[in-house]
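Accompanying notes for the structure given below.
Only the coordinates and a few stated rules stand behind these numbers; no lab work does. Remember, it's a predicted structure, so these values are computed and weren't measured experimentally. Every residue, glycine as well, gets a Cβ built from its backbone with ideal geometry; the counts of neighbours run over all protein chains shown.
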Amino acid sequence: MLRKIQVQPDTEFSRRFPDEMPMRIRIVLRDGRTISVEKGDYEGFHTRPMSWDHVVEKYERLATPYADTELRRAIVQAVAGLETIRIRELTQLLVQVGRRN
């Protein structure tokens, strides 16, 4: 697949950063038709922040293969309370990722 993907810089897109994170995807189908989409940002970029619930949902989806339910919940709670915990508490949780399960 990597042999079929081309990445090309766009000066106009670069000029719009950091206010935007523009991108364009163009797919050329075997029959010659082209599908194209352009966006100025993505969910999670500062112009379109992701809700906490969606962040946790995405985290759960990505972390499930590497951490059991208890550890994932503890990490979510630690991140939610970053302003009130010692970073050591979070790092002690993170070093356990991949060791359980």
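Using bins 5 angstrom wide from zero, how does P(r) for the stretch 30-101 break down, in % of all Cα pairs?
Spelled out per bin, shortest first, that is 3, 13, 18, 17, 15, 10, 7, 7, 4, 4, 2, 0.
Report the GluC sites (Glu not before Pro) located in the chain that are in a DSSP loop and have at most 13 other Cβ atoms inside 10 Å of their Cβ, or state none.
Answer by residue number: Glu83.
For the stretch 26-101, which trypsin sites (Lys or Arg not before Pro) pass both filters: DSSP loop (anything but H, G, I, E, B) and at most 11 other C-beta atoms within 10 Å?
Those that pass, being in a loop and sparsely packed, are Arg30, Arg33, Arg86, Arg99.
Send over the semi-axes of the stretch 52-94's equivalent ellipsoid, whole angstrom and largest first, taken as the square roots of 5 times the C-alpha gyration tensor eigenvalues.
Result for the stretch 52-94: semi-axes of 18, 13, 7 Å.
For the chain, modelled as a GNM with alpha-carbon contacts under 10 angstrom, which of Leu29, Leu90, Leu82 fluctuates the most?
Leu29
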